[in-house]
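Enquirer: The structure follows.
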Amino acid sequence: MDFKMTIPPKLPPVPNLDDAAQQAALDLQKKLTKPYGSLGRLEILSVQLAGMTGRLDWLPQRPAVIVCAGDHGIAEKGVSAYPRSVTKQMVLNMLNGGAAINVLAQQMGATVTVVDAGVAGILPEHPNLIAGKINYGTTDLATASAMSPGQADQAITLGQRVVDAHIDDGADIILLGELGIGNTTSAAAITAAVTGAPVERVTGTGTGIGLEALERKIALIENALEMHAPINVDTLAKFGGYEIAAMVGVMLGAAVRQVPVVLDGYVAGAAALIAAQIDNNAVKYWIAGHRSAEQGHAIALQTLGLKPVLELSMRLGEGTGAVLALPVIEAAMRTLQGMATFGEAGVSGPLQ
């Protein structure tokens, strides 16, 4: 399926959450046979999800994993433990069902779709692959803008159209991940640019690089930030990747349709920082599946005001952390819907 476009449409504004549904969920939580607040984040998630979907009877019955893939020119500078060719190889592995995300998605009953937003190689047609390639990888962000603003817009539109197609097909929750050698360098550059945090505080080992490579990665990002000043203009085009831009489109497109998005790790967090600048109302429709072991992710989440559901010291990407949060999200709604109230159970309620 080819979703490539040359002229991106303007994204419509993200609607507000359903206040009435949120209040109804909150009122119900106070009547259930438990001390109010005793289920912690499950109660908070149930109220949030009711507001997102406008329903107290909502359940994640058609979860869809969307993995956006793209290559990065900066990968040629030795910022990854793996060669850039691994991006294409791992896409093929995913399409063959051999990646971690395939295993976890099968466990959770979720479909997996890979979006070729900018892989540096030709990929064969496959029913689970969306051919939306904007270009064969980005330019090296340390020497020039990674993308043109027009290319970034095309990739955002790609993500929007992909998520629209999934929702039209019945998907009721989006589990968003990525794949791209070198993309934690882009994520760190974006996070530093948006939050103002020092580069060394938002840059990690990514695929497992050593100290020397980490120091080189930090220096390259610092130089890129200086070269691309002012960094608050065209941040996505200057530092991002095609897969990151596509993720921005998925996040915004799903929020417009009032469909929850569960974000994966650091790269998703960086994409969310960009998407929030476009329409901050969209943040209300996102759930942070986990907090990555990449140190910059915590800063991105704090800036977004998102609290992770899980913390498992993971840093794989692919959407794995988003999928693992799905049972907790479902549990939040099932406890809201399935528990008896004090009146129904004949149990005395709180004294005050």
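Enquirer: Quick check on my filter: what residues within the stretch 77-92 are part of a helix (DSSP H, G or I), within 26 Å of GLY210 (Cα to Cα) and open to solvent by 10 Å² or more (accessible area, probe 1.4 Å)?
Expert: Within the stretch 77-92, LYS77, SER85, VAL86, LYS88, GLN89, MET90 qualify.
Enquirer: Here's another thing I want to ask about it. If I filter the stretch 67-81 for residues that are closer than 16 Å to VAL250 by Cα and either more than 18 Å from the chain's Cα centre (by Cα) or not small (Gly, Ala, Ser) (or both), do I get at least one hit?
Expert: yes
Enquirer: I'd like to verify a number: residues in the stretch 48-76 that are touching a Gly at 6+ places or on another chain (Cβ under 6 Å) and either of a type in the set (D, E, K, R) or open to solvent by 20 Å² or more (accessible area, probe 1.4 Å) (or both), how many?
Expert: Total satisfying the criteria: 2.
Enquirer: Moving on to the next point. Could you run through the stretch 144-154 and say how many residues are touching a residue at least 40 places away in the same chain (Cβ under 8 Å), surrounded by fewer than 22 Cβ atoms within 10 Å (Cβ to Cβ) and part of a loop (DSSP other than H, G, I, E, B)?
Expert: Residues flagged as touching a residue at least 40 places away in the same chain (Cβ under 8 Å), surrounded by fewer than 22 Cβ atoms within 10 Å (Cβ to Cβ) and part of a loop (DSSP other than H, G, I, E, B) within the stretch 144-154 amount to 2.
Enquirer: Related question: Output the qualifying pairs, or none if there are none: Cβ atoms under 8 angstrom, residues six or more apart or on different chains, first residue in the stretch 205-231 and at pLDDT below 90, second residue of a type in the set (Ser, Thr, Tyr).
Expert: Listed pairs, sorted by first residue: GLY206/SER80; GLY206/THR184; GLY206/THR185; THR207/SER80; THR207/TYR82; THR207/THR184.
Enquirer: Restrict the check to the stretch 327-340 and report whether at least one residue is out of contact with any strand residue (DSSP E or B) (no Cβ under 7 Å at 6 or more places or on another chain), within 16 Å of PRO60 (Cα to Cα) and without any contact (Cβ under 8 Å) to a residue 12 or more places away in the chain.
Expert: yes
Enquirer: Please find, within the stretch 98-138, the residue that is farthest from ALA165 (Cα to Cα) out of those that are surrounded by 15 or more Cβ atoms within 10 Å (Cβ to Cβ) and of a type in the set (S, T, N, Q).
Expert: Top of the filtered list is THR138.
Enquirer: Condition test on THR157, is it in contact (Cβ under 8 Å) with a residue 12 or more places away in the chain, crowded, with 24+ Cβ neighbours inside 10 Å, in contact with a Phe, Trp or Tyr (Cβ under 9 Å, 6 or more places away or on another chain) and closer than 21 Å to GLY269 by Cβ?
Expert: Against the criterion (in contact (Cβ under 8 Å) with a residue 12 or more places away in the chain, crowded, with 24+ Cβ neighbours inside 10 Å, in contact with a Phe, Trp or Tyr (Cβ under 9 Å, 6 or more places away or on another chain) and closer than 21 Å to GLY269 by Cβ), THR157 does not qualify.
Enquirer: Quick check on this structure: which one of ALA50, ALA99, ALA142, ALA120 is among the small types (Gly, Ala, Ser) and under 20 Å from the mean Cα position of the chain (by Cα)?
Expert: Sole residue among the options that is among the small types (Gly, Ala, Ser) and under 20 Å from the mean Cα position of the chain (by Cα): ALA99.
Enquirer: I would also like to ask the following. Within the stretch 263-274, is even one residue open to solvent by 10 Å² or more (accessible area, probe 1.4 Å) and either outside any helix (DSSP H, G or I) or on the phi > 0 side of the Ramachandran plot (or both)?
Expert: no
Enquirer: Out of the residues in the stretch 173-189 that are open to solvent by 10 Å² or more (accessible area, probe 1.4 Å) and either free of Cβ contacts under 8 Å to residues at least 24 places away in the same chain or assigned to a strand (DSSP E or B) (or both), which is nearest to PRO60 (Cα to Cα)?
Expert: GLU178
Enquirer: Related question: Scan (1) within 26 Å of the chain's Cα centre (by Cα); (2) exposed (fewer than 15 other Cβ atoms within 10 Å of the Cβ) for the single condition ALA20 breaks and write down its number.
Expert: Among (1) within 26 Å of the chain's Cα centre (by Cα); (2) exposed (fewer than 15 other Cβ atoms within 10 Å of the Cβ), the lone unmet condition for ALA20 is (1).
Enquirer: What residue, among those in the stretch 318-349 that are touching a Phe, Trp or Tyr at 6+ places or on another chain (Cβ under 8 Å) and not in a helix (DSSP H, G or I), is surrounded by the fewest Cβ atoms within 10 Å (Cβ to Cβ)?
Expert: Going through the qualifying residues, I end up with SER348.
Enquirer: Taking the condition buried (at least 19 other Cβ atoms within 10 Å of the Cβ), closer than 24 Å to GLY177 by Cβ and of a type in the set (A, V, I, L, M, F, W, C), does ALA25 pass?
Expert: no
The values are calculated or read from the model by the stated rules, or taken from the named source; none is laboratory data. Remember, predicted model here, so these are calculated numbers, not experimental data. For neighbour counting, all protein chains shown are included, and Cβ atoms are generated from backbone atoms with ideal geometry for every residue, glycine included. Quick note on the areas: whole protein, heavy atoms, side chains included, nothing else; ligands and nucleic acids left out. Shrake-Rupley method; radii C 1.70, N 1.55, O 1.52, S 1.80 Å.
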